Amino acid sequence: MVRIVPIELDTHFAEGTVNAFLAIGETITLIDTGNPGNESFQQLKTKLHKHNIDLKDIDHIVLTHLHIDHAGGVPLIQEEVDVPIYVHELAKCSLNADIHDFERDMLFFRQFMEECGADPLKHIVKQSYKEEKWQNVSYLKEGDVIPIGGHNFEVEHVPGHSQVDIMLWDPQTGDTFAGDHIIKAFSVNAFIEPPIPGNTAVLSHCYSTVSLLKKSAACH
């Protein structure tokens, strides 16, 4: 039996807060990490301590996707503990990106804005390249099985909100972790992102996402 504990963390985005999750069973697994920065990191640790859990107690972290309010806490966590990180295999391009990849992505956004008739200088937030230095990263693909709280969950690739979203679900109980696919207050939009090099099947995967979520819901 796995006990699922929501960890509500503050965010500056429109939804106000974002959830990470603890899966507590034979082991303890953390799903998502909250925002980057020390404030969010300290809030995460404080809420873990309320359940008598420390970072060193976590067997591994699984990320539903790479948006900063879900994956931003990884660098500070790994400064304290060498915890394994699991993320979809298509995230490899983002995590291994260099300055040339960054410049290619920025060009994509500028061209997209211009094609939409918008001024990129007014609508694109200026960013600078920052190298990701994650360690101990393993990559998941659709059909993999991963222990969550010591209990096996299936991995489904569910792009739509982002290209690397995954859903973790237990077919027997219907317990599901699905990142930003389901939010009570509003429908989560699909983000405009530069296409991942070599990935040509995103649209067909998006069509299958809805049926997968329905299949998960039907198990309850």
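Since every read-out is calculated from the coordinates, none of them should be taken as a lab result. The shown structure was predicted, so the numbers you read here are calculated from the model rather than taken from an experiment. For neighbour counting, all protein chains shown are included, and Cβ atoms are generated from backbone atoms with ideal geometry for every residue, glycine included.
Structure notes:
- For the pair Asn52 and Thr17, a Förster radius of 22 Å applied to the C-beta separation gives a FRET efficiency near 0.45, rounded to the nearest 0.05.
- C-alpha center-to-center spacing [region 75-129, region 12-36] in angstrom: 22 Å
- In plain terms, the chain from Asp82 to Lys141 could stretch by 19.0 nm, reckoned as 0.36 nm per residue minus the Cα-Cα distance.
- Charge tally around Asp119: other residues with Cβ under 15 Å, Lys/Arg +1 each, Asp/Glu -1 each, net +1.
- Cross-link reach list, aspartates and glutamates versus Lys45, counting only Cα pairs under 14 Å and skipping chain neighbours closer than eight places: Glu8, Asp10, Asp32, Asp54, Asp57, Glu79, Glu80
- DSSP-loop trypsin sites (Lys or Arg not before Pro) across region 1-58, with at most 10 other Cβ within 10 angstrom: Lys50
- Residues of region 111-147 with amide N under 19 Å of a point placed 7 Å along Cα→Cβ from Ile192: 111-128
- In the structure shown, the pairs Lys56/Lys126; Lys47/Lys130; Lys47/Lys126; Lys50/Lys126; Lys92/Lys126; Lys50/Lys133 are assessed against 31 Å; a Cα-Cα span above that value is assigned to Lys56/Lys126; Lys47/Lys126; Lys50/Lys126.
- Figure legend: label point modelled 7 angstrom from the Cα of Thr173 along Cα→Cβ; residues of region 1-21 with amide N under 14 Å from it are 1-6.
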